[in-house]
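See structure below.
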Amino acid sequence: MSRTTFSEFMPWLAESFEIGTYNHPMYGECSKVKFTIKAEATWHDGTPITTADVYFTWVELRRILEARGMPGPIWWTLCPWLQPMVDFKIYDAYNFEMLFNVRSVWILGWLSSTFVLPKHV
């Protein structure tokens, strides 16, 4: 019989993830997270879920909403934990890395509760 705890993350879209730190020039030691998305993960229409969808939702959508007159603070109300993100690096269709301007043990929890929308819709 397997034992499950309430403190472990159960990745649905992530094949793997790695949490680490890097040296930010202004803030010192800060958090970074690398993700690999499961290649078999798809949207309702069969389109694969890729880093383009994550980037669209977590980076581009804010700019789109602001361009349409919705100020940044409204977007940050929906996902305030994305505010300390300073960089989003796409390595390929399934691998990306995010850099933050804070060091926090909560980073993975913040990201795991953030929605991702399909860019192609």
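The values are calculated or read from the model by the stated rules, or taken from the named source; none is laboratory data. Source: prediction; values computed, not measured. Cβ sites come from the backbone with ideal geometry, for glycine too, and all protein chains shown count toward neighbours.
Just a few scattered comments:
- Segment 99-121, residues that are surrounded by 13 or more Cβ atoms within 10 Å (Cβ to Cβ) and assigned to a helix (DSSP H, G or I): ILE107, LEU108, TRP110, LEU111, SER112
- Residue list for segment 89-98, restricted to those being surrounded by fewer than 16 Cβ atoms within 10 Å (Cβ to Cβ) and of a type in the set (Asp, Glu): ASP92
- Reported count of residues in segment 47-71, each being at pLDDT 95 or above and either over 20 Å from GLU97 (Cα atoms) or loosely packed, with under 15 Cβ neighbours inside 10 Å (or both), is 1.
- Condition check for ASP53: closer than 16 Å to TRP12 by Cα and of a type in the set (Asp, Glu): yes
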